[in-house]
Amino acid sequence: MEGGADEVKGEARLDILVVGDEAAGPGVVKGLEENGLRAVRADVPVPRRREGALPVLSELSGCFGTYEAGLRAGEGPRRRPVRGGIVVQAGRREAAFEPLELEPGDRVVTLSAFLEALPGLPRPETGDRAPLAVFLLGLGGESSPRATREALSAAAVLLEDLGWRAALLYGNLKVSGAGLEAAVRDARRKGALLLRFSGGRPTFVRQGEGRVAVDCLDESSRSRLTLHPDWIVVDEALRAGPEERERAERVGADPGPDGFLPSDNVYRFGLETNRRGILALPPGADPLGRETLEDDLAAAALEMRALERFESREPDRAAVIDPGLCARCLTCYRACPHGAVALGERVEIVTRACFACGVCEGACPARAIALQGPGRGEGPGEAPRDPERPHIRPGDLVVFGCRRSADRARALCRHLGEEPPGDLEFVPVDCAGCISRQTIMDALLAGASGVLVLACHPGNCHAERGNLEARSRVEAVRRFLQEAGMDPGRAGFHTLAANMGVEYGRTVRAFREALDRG
């Protein structure tokens, strides 16, 4: 771009690190350029890639506002400041042959292979038996709306254009994509056989000439069927390869259970990861089966521009380390789920990168870290609550609850009239991960009859693993109480969602009753 190489519509261009899939890279770079972002391409070492094709990302140091990419290329290692990063993921499609005890062959193929062969399939001669294609969806693992759409589209071509027969055998049919429910009804209307398997799976019997018979139970009619397909088509799930996991590790972001970024966290939007300024493009199509690269890149550009404005101001609330108490043990550096701790002459929290979760506060053995700034979630006129100093009367039950889940469940419980015991001191916290072992012990020493920590469900914690840290600390306190000859049941842990008002009341009452029995 001439003249305006560093300016787009009056806005300064940002250097954004693009890590990942070489094939998709040029399209991503072009899309970012069109949205006013300048791409710096790199990747992790990938087998069979031509040496020097892309600079190798050795590390991404720093955090939001201070990121530096360590790059190795032909001219040697160098470091380049970047404002943020975008991870481009590819993954690989794998068919569930092994779980189904099927062997791939000329007539037992993957869905993608069948789609390639579809244009060359013959139409049967008049009077000949119509060939049968059996599609297996979600029987050997999780399927996807994309696989459902592809199988239904192929079935429509077979039924309408080629005069074939088609059957779809499925476990959990994914129809969340636009128009998929109507496509299923249309396939039935055109003559496709759809059989659901809620429990077991069909049995596959090998026959001669590479053919496989399918023996199954029709759950609707409770009658047994034996199908003799000419083709068996197995759907494929997108799997993360070692490259995807390596990319996540190099940028310091937490992948989800499937190995892809971002994690399945309900508190994150779209492309966000647990590190501010690091985004991730989903592999291939989105979960609903739509091709959305242009939309994703536009959303990434908006997010980067929003972060640029965020960078120019200090956040309202962040963790702060007291240098007089800090022993440089680096526990906070290891514990921070957002990579917001910087190591220099002093250990410091980079406030622009801090999500104010308090996990570092709960982990610090010297109690040198505190969240500073106005509290969030209090009602009008209420002062922020300090979890280190709850108002405890002897015999009180103290409940520390995450503002995003337990505190809202508590409000819903009260709205439903399910008021828990009156001798209860509820302390809302930014994240259950900010509750240290000492905080729990202090409450017990102050006369609390018991301490209950309520956190988000696994995978739903805004801090990614604050709930796991909280569980670990409660278990440590329980072990200590048992070793000291005290009742370990005085410390408890439970997970809740914001809409579980009734469960909140039941959990608190059950904990109180257990204390009374003990």
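Within the stretch 165-185, restricting attention to residues that are open to solvent by 10 Å² or more (accessible area, probe 1.4 Å) and either at pLDDT 95 or above or among the polar types (S, T, N, Q) (or both), which residue is nearest to the chain's Cα centre (by Cα)? Ranking the qualifying residues of the stretch 165-185, first place goes to Ser176. When we screen Gly459, Gly466 for residues that are under 15 Å from Glu361 (Cβ atoms) and either within 33 Å of the chain's Cα centre (by Cα) or surrounded by 22 or more Cβ atoms within 10 Å (Cβ to Cβ) (or both), the only hit is Gly466. Could you list all residues from the stretch 414-433 that are assigned to a helix (DSSP H, G or I), buried (at least 18 other Cβ atoms within 10 Å of the Cβ) and at pLDDT below 95? If the condition is that a residue be assigned to a helix (DSSP H, G or I), buried (at least 18 other Cβ atoms within 10 Å of the Cβ) and at pLDDT below 95, then no residue fits.
Assess whether Arg83 counts as being surrounded by 19 or more Cβ atoms within 10 Å (Cβ to Cβ), among the basic types (Lys, Arg) and at pLDDT 85 or above. Yes, satisfied. Residues of the stretch 66-114 that are of a type in the set (Lys, Arg) and in contact with a helix residue (DSSP H, G or I) (Cβ under 9 Å, 6 or more places away or on another chain): Arg83, Arg93, Arg107. Looking across the stretch 38-65 at every residue that is more than 12 Å from Glu243 (Cβ to Cβ) and at pLDDT below 80, the one that is surrounded by the most Cβ atoms within 10 Å (Cβ to Cβ) is identified as Ala53. Scanning the stretch 315-339 for residues that are of a type in the set (Gly, Ala, Ser) and in contact with a helix residue (DSSP H, G or I) (Cβ under 8 Å, 6 or more places away or on another chain) yields Ala318, Ala319, Ala335, Gly339.
For Val474, the requirement of being in contact (Cβ under 8 Å) with a residue 40 or more places away in the chain and out of contact with any Ser or Thr (no Cβ under 6 Å at 6 or more places or on another chain) is not met. What do you reckon, is His494 open to solvent by 30 Å² or more (accessible area, probe 1.4 Å) and part of a strand (DSSP E or B)? For His494, the condition - open to solvent by 30 Å² or more (accessible area, probe 1.4 Å) and part of a strand (DSSP E or B) - is met.
Here Gly270 meets each of (1) assigned to a loop (DSSP other than H, G, I, E, B); (2) open to solvent by less than 20 Å² (accessible area, probe 1.4 Å) with one exception, condition (2).
Which of the strands (runs of 3 or more DSSP E) found entirely inside the stretch 38-154 contain at least 1 residues meeting this: hydrophobic (A, V, I, L, M, F, W, C), in contact (Cβ under 8 Å) with a residue 40 or more places away in the chain and on the phi < 0 side of the Ramachandran plot?
Passing ranges, in order: 56-61, 68-73, 84-88, 92-95, 108-110, 132-137.
Residue check: Cys326 meets all listed conditions (1) open to solvent by less than 20 Å² (accessible area, probe 1.4 Å); (2) at pLDDT 85 or above; (3) not in a helix (DSSP H, G or I) but one, namely (1). The set of residues in the stretch 107-139 that are touching a strand residue (DSSP E or B) at 6+ places or on another chain (Cβ under 6 Å) and open to solvent by 70 Å² or more (accessible area, probe 1.4 Å) contains only Arg107. Scan the stretch 217-260 for residues that are free of Cβ contacts under 8 Å to residues at least 12 places away in the same chain and not in a loop (DSSP other than H, G, I, E, B) and the total you get is 4.
Quick one: count up the residues across the stretch 140-153 that are surrounded by fewer than 21 Cβ atoms within 10 Å (Cβ to Cβ) and at pLDDT 90 or above.
To start, the set of residues in the stretch 140-153 that are surrounded by fewer than 21 Cβ atoms within 10 Å (Cβ to Cβ) comprises 141-142, 145, 153.
The next check asks that each one be at pLDDT 90 or above; those that pass are 153.
Going through the stretch 140-153 one residue at a time, the tally reaches 1.
Note on the stretch 218-267: residues that are over 33 Å from the mean Cα position of the chain (by Cα), open to solvent by 10 Å² or more (accessible area, probe 1.4 Å) and either over 27 Å from Tyr170 (Cβ atoms) or not hydrophobic (A, V, I, L, M, F, W, C) (or both) total 10.
The values are calculated or read from the model by the stated rules, or taken from the named source; none is laboratory data. Just so it is clear, the model here is predicted, and its values are computed rather than measured. We place every Cβ from the backbone using ideal geometry, glycine too, and count neighbours over all the protein chains shown. Protein only, heavy atoms only, side chains kept; ligands, DNA and RNA dropped before computing areas. Shrake-Rupley method; radii C 1.70, N 1.55, O 1.52, S 1.80 Å.
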